[in-house]
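To start, the structure under review is shown below, and the notes come after it.
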Amino acid sequence: MKRFLFSLCLVLFLPNSSAASLERFQSYLRTTQAARADFQQKVYDRTGKVVQDSVGSFSFLRPGRFRWTYVKPPQVIVGDGERVWIHDADLNQVTVRRVARVLGATPAALLAGASDIDKAFELVEAGENDGLQWLEAKPRDKESGFERIRLGMSASGVEAMELLDHFGQTTVLRFSNIVRNPQFDAGTFRFVPPKGVDVLGE
C-alpha cells in the first residue's frame, strides 16, 4: 500500500510559463484533467541506499480515476472513481479500498483528487535548485504518513518529485513521454479481478 501511495502522488506536465512554481502548479490544476506517461521510481532509506527501483506507465483522469502498471515486480493499480484495486501478480492477490479512504490528505490527492488541493496541503515555494523551481506541499493532516512532498519544475513542467515519509525514506520520481489531456477508452479505468485470485478489503 505504501508503494501505491508513493506512486500516486505523481503530478506532471504543467503548461509552459515563466511564472513561479506555485502559479505553475495552480495552472496545472486548472488545465490538466488527464494525462499519461512513463515513470521511474526510486526509494532511498535513511542512509541513502536504494531499497526499491521500479519503472512503469500510468494514466489518470481526475477526479479519482487512474491506472498504474509496474513492470517489475508486476503490479497493476486501478482507481475507477469509487474503489482502488491493487493487483499483485506475484502474490496472486487483489486488495480493494474505497477511493475516499485512499486519497484524502495523501500525495494521491495531488494527482487524482479534485482541484481544491489547498484544503489538504499547505503549498509554499521552495526556491531554485539544480535548474528547477521547487514547490513544497505539506499535508495539513498530521496522520497522512508524509512529512513533505517536493515538486521540481522547469518552464515546461514537472521534471522531478521527492517525497519524505515519517520513517525517513525518500522517494524520487522522474517522468518521460508525457501526454496531457489525452482521450481514454472506456475500459481504461475499469478493473475485474482475474479468476482464482484472493480479493481482500472493502
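The values are calculated or read from the model by the stated rules, or taken from the named source; none is laboratory data. Every value quoted in this text rests on a predicted model; they were computed, and no experiment measured them. Please note: Cβ atoms are built from the backbone with ideal geometry, for glycine as well, and neighbour counts cover all protein chains shown. To get the accessible areas, we keep the full protein, side chains included, count just its heavy atoms, and leave off ligands, DNA and RNA. Shrake-Rupley method; radii C 1.70, N 1.55, O 1.52, S 1.80 Å.
About the centre of its Cα atoms, the stretch 43-89 shows a dipole size close to 120 debye [charges on the beta carbon of Lys, Arg (+1) and Asp, Glu (-1) only; nearest 20 debye].
When only alpha carbons are used to place a centre, the stretch 41-60 and the stretch 168-199 end up 16 Å from one another. Cross-link check: pairs 42/195; 42/138; 119/142; 42/72 evaluated at a Cα-Cα cut-off of 23 Å; pairs beyond the cut-off: 42/195.
Pop out the carbon and sulfur fraction of the accessible area of the stretch 122-202 as a percent, whole number, probe 1.4 Å. Roughly 44 percent of what the probe reaches on the stretch 122-202 is carbon or sulfur.
For a paramagnetic label modelled on residue 91 (point 7 Å from Cα along Cα→Cβ), amide N atoms under 19 Å away belong, within the stretch 25-49, to 43. For 178, 149, the ranking by accessible surface with the largest value first comes to 178, 149, using a 1.4 Å probe. Summarising the amide proton neighbourhood of residue 64: residues at separation of 5 or more, or on other chains, whose placed amide H is nearer than 5 Å comprise 113. Annotation: amide H-H contacts under 5 Å for residue 161 (H modelled 1.01 Å from N, sequence separation of 5 or more, or interchain): 152, 173. A Förster radius of 35 Å combined with the Cβ-Cβ distance from residue 49 to residue 76 puts the calculated FRET efficiency at roughly 0.80.
Taking label positions 7 Å along the Cα-Cβ direction at both residue 192 and residue 177, the computed distance is 2.7 nm, reported to one decimal.
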